[in-house]
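The values are calculated or read from the model by the stated rules, or taken from the named source; none is laboratory data. What you see is a predicted model; the values in this text were computed from it and never measured. As a convention, Cβ positions derive from the backbone with ideal geometry for all residues, glycine included, and neighbour counts pool all protein chains shown.
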Amino acid sequence: MLTIAYIGNGKSANRYHLPFSTKLVDKINVKTIYSPVEENTWKKIEGVHYTTDVNDIYGDPEIQLVVVSTPSSLHYKLGKEVLEHGKNALIEKPFAETSAEAKELFDLAKEKGLLVQCYQNRRFDSDFLTVQKVIESGVLGDLIEVEMHYDYFRPEIPESVKEFSLNTSYLYGHACHTLDQVISYFGEPDDIHYEVRQLLGDDRMNDYFDLDLFYGRIKVSVKSSYFRLKERPSFIVYGKKGVFVKETKDRQEEHLKLFHMPENKDFGIDLPEHYGTLTYMDDEGVYHEEKVVSEVGDYSRVYEGLYESIINGKEKIVKDEETLLQIEMLETGIKQIEGKVLI
């Protein structure tokens, strides 16, 4: 068994981590959860030790992995603290605020013979996995362009933020999902074009980004906005012979918000109305249009990977160089906002 603890007992831990780590009852033992305050609106898990003293984690020799699930401004500080106490660390995204901080954490882990990894659960979104299946089928022909959108219509969020900060940046808060997907599948790009904006004006929240990553002749665009009353498709994939459109996002988050948990057989599963549409011309010039049954997303695969890495010594599923590259992109992108001395 891999015995783990959590620093942070808020929405991130209870919605995006614990339902998936506790699912793996034959591999994962969640022993301790730390929060600086005792009161919490989330239901306690039977058999787990809840504490307001972080030394209950650091001083426990049974705990092998500590998950840092706190506001992003604390990720570097707490990640370093965990490693210095001889524990492996899983750190929520964004992993750190700067590439220098990220490199320091990776170097410290290597020096101590420990694992530190970013929690990139969105690699296991059903829409992203389905796109990979379609690309690898070859029916689209040579790939030309991929568009990835992560849109909301939540104007109240940027309107409530009266001044710019890194902690409220949409780029740092959401491109950390989609950029990792691109890096994990396509690797390091040849070139990147950044458009990072504040739609409400100077010194307001960064509420929009549009990044173009180039891989030879292939362009992969990552776009997000808080002001999309009608969301753009989650993915559009263009090849020389066709196109695949996946309108809707992975449904795990939707179900988690409804407290419909992973133990349910239909958790996160797309219905036929969520299936993407594949349109292409085959080698005989025949037109096809068909629905593609979605792959099954499963965020517990991150924890399965950690178990294999820590217990069985297998390679990490999220490589250090992938995380460093992503943080470098976030750093570069946020500096596009004129007049900001951020990092």
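In the range 257-270, is there at least one residue being part of a loop (DSSP other than H, G, I, E, B), of a type in the set (D, E) and surrounded by 12 or more Cβ atoms within 10 Å (Cβ to Cβ)? Scanning the range 257-270, I find at least one residue that is part of a loop (DSSP other than H, G, I, E, B), of a type in the set (D, E) and surrounded by 12 or more Cβ atoms within 10 Å (Cβ to Cβ), so the answer is yes. Return the residues of the range 44-63 that are among the aromatic types (F, W, Y) and under 17 Å from A13 (Cα atoms); say none if nothing qualifies. The answer is Y50, and nothing else. Screening the range 106-130 for residues that are in a helix (DSSP H, G or I), in contact (Cβ under 8 Å) with a residue 40 or more places away in the chain and among the hydrophobic types (A, V, I, L, M, F, W, C) and picking the one that is surrounded by the fewest Cβ atoms within 10 Å (Cβ to Cβ) gives L129.
Being modelled with pLDDT of 95 or more, more than 22 Å from the chain's Cα centre (by Cα) and more than 19 Å from L325 (Cβ to Cβ) is not true of R204. Residues of the range 116-137 that are closer than 17 Å to R301 by Cα and either hydrophobic (A, V, I, L, M, F, W, C) or modelled with pLDDT under 95 (or both): V116, C118, F124, F128, L129.
Among residues of the range 21-50 being of a type in the set (S, T, Y) and surrounded by fewer than 17 Cβ atoms within 10 Å (Cβ to Cβ), the one that is nearest to F106 (Cα to Cα) is Y50. Going by the conditions given, is V318 under 20 Å from Y185 (Cα atoms), touching a Cys at 6+ places or on another chain (Cβ under 6 Å) and either acidic (D, E) or crowded, with 19+ Cβ neighbours inside 10 Å (or both)? For V318, the condition - under 20 Å from Y185 (Cα atoms), touching a Cys at 6+ places or on another chain (Cβ under 6 Å) and either acidic (D, E) or crowded, with 19+ Cβ neighbours inside 10 Å (or both) - is met. Of the strands (runs of 3 or more DSSP E) contained entirely in the range 1-94, those carrying at least 1 residues that are within 24 Å of the chain's Cα centre (by Cα) and not aromatic (F, W, Y) fall at 2-7, 28-34, 65-68, 88-91.
Rundown of residues vs (1) closer than 30 Å to V37 by Cβ; (2) outside the structural domain of L271 (by TED's automatic domain parsing); (3) surrounded by fewer than 17 Cβ atoms within 10 Å (Cβ to Cβ); (4) charged (D, E, K, R), yes/no style:
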| site | (1), (2), (3), (4) |
| --- | --- |
| T70 | yes, yes, no, no |
| V82 | yes, yes, no, no |
| A89 | yes, yes, no, no |
| E92 | yes, yes, no, yes |
| E101 | yes, yes, no, yes |
| Q132 | no, no, yes, no |
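Only one of (1) in a helix (DSSP H, G or I); (2) modelled with pLDDT under 95 is not met by K340, so which one is it? Among (1) in a helix (DSSP H, G or I); (2) modelled with pLDDT under 95, the lone unmet condition for K340 is (1). Here E308 passes the criteria (1) in a strand (DSSP E or B); (2) not assigned by TED's automatic domain parsing to the domain that holds P189 except the one numbered (1).
Y226 passes every criterion in (1) farther than 21 Å from S126 by Cα; (2) free of Cβ contacts under 8 Å to residues at least 60 places away in the same chain apart from (2).
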